[in-house]
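K.L.:
Here you go, one structure.
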Amino acid sequence: MGKGGGCVPSKKRSPIGESDHDLPNPVQDGPIPQNPSPDSTIPVQDGSIPIEGQNPGPVSTIPVQDGALQTVVKKLRVFIVFYSMYGHVEGLARRMKKGVDGIDGVEGVLYRVPETLAPEVLDQMKVPSKEGEVPVISPEELVAADGLLFGFPTRYGCMSAQMKAFFDSTGELWKEQKLAGVPAGFFVSTGTQGGGQETTAWTAITQLAHHGMLFVPIGYTFGAGMFKMDSIRGGSPYGAGVFSGDGTREPSEMELALAEHQGKYMAMVVKRFAQPYSVTPNHSS
């Protein structure tokens, strides 16, 4: 794609339906139906906001020996890219992957962003080792994603320096708008209830805007779970969230359920955007 070019979603895409009533917890209501007919609607959860006209994902055909064509369906991929110092964001990310993987034709892929603190500093802060099965992502790898979910802890109501440094390293992708049109969302961790569950995601939207990415909030599609007041729960209409406290608090089941729901929701949005895109040429002088 040349400089200034962008991707414009197909106008054939159907709108997301709307719900006018509160809904139960989706995780407790069972799995979301798979492989709908073109005229059916898929609810995010029982009775919640449906997504209409789901697409089966990109397809291609390959010839076989008898001259017939065989259809090969390629799975769509949602990259779950996160920074987690003490494991709270990683816990949400892993549950979010479960939600993505639960939607037919879509798979979640976990990635970390590079650490910016020196090892000796991390040792003094008693940060657990990050050696493991989750690889570190490079900016260039983002273009392979059909959808993106970014997770990070807050620093004074904004994203952590590690995630900001990663976004700052995507200049080449921004210059050619290689991420334009890609659906993206956020999930966060804060130390206190007033520590930035909403503002941390809100202030991160500027990163998506400059890349031309499409911000996908979860709104109130989690239904009744968004209104419960009987326990402390992170998360907001902007995305899933967890309260870490002094670092020892573990994510609650409700926080993890919201993360799983966000994974499912993003996966279904990505399936909608799997229709062919047309490239708008740059005619400016």
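K.L.:
Taking amide hydrogens as modeled 1.01 Å from N in the peptide plane, which residues meet the under 5 Å criterion relative to S236, leaving out close sequence neighbours?
P.N.:
Answer set, sorted by chain and number: G241.
K.L.:
Once the dipole of the range 76-274 is set up with Lys and Arg at +1 and Asp and Glu at -1 on Cβ about the Cα centre, which of Y83, M268, Y220 lies farthest towards its positive end?
P.N.:
Towards the positive end, the residue furthest out is Y220.
K.L.:
Quick one: which residues, 5 or more positions from R155 or on another chain, have an amide H under 5 Å from its amide H? H modelled 1.01 Å from N in the peptide plane, none for Pro or chain starts.
P.N.:
Under 5 Å from the amide H of R155 lie the amide H atoms of S160, each far enough along the sequence or on another chain.
K.L.:
A further question on this structure: Got a sec to turn the phi values of the range 159-176 into Karplus ³J(HN,Hα) couplings, 6.51 cos²θ - 1.76 cosθ + 1.60 with θ = phi - 60°, whole Hz, x for Gly and Pro?
P.N.:
Residue by residue, the range 159-176 yields 5, 5, 4, 5, 6, 5, 4, 5, 4, 5, 8, 9, x, 5, 5, 5, 4, 9 Hz.
K.L.:
Test of the criteria: in the range 97-168, which GluC sites (Glu not before Pro) are in a DSSP loop and have at most 12 other Cβ atoms within 10 angstrom of their Cβ?
P.N.:
Numbers: sites: E107, E115, E120, E131, E133, E140, E141; in loops: E115, E131, E133.
When the GluC sites (Glu not before Pro) of the range 97-168 are filtered for loop state and at most 12 Cβ neighbours within 10 Å, E131, E133 remain.
No value in this document is a laboratory result; all are computed from the given coordinates. As the structure is a computational prediction, the values presented were derived from the model and not from experiment. Glycine gets a Cβ as well: all are built from the backbone with ideal geometry, and neighbour counts include every protein chain shown.
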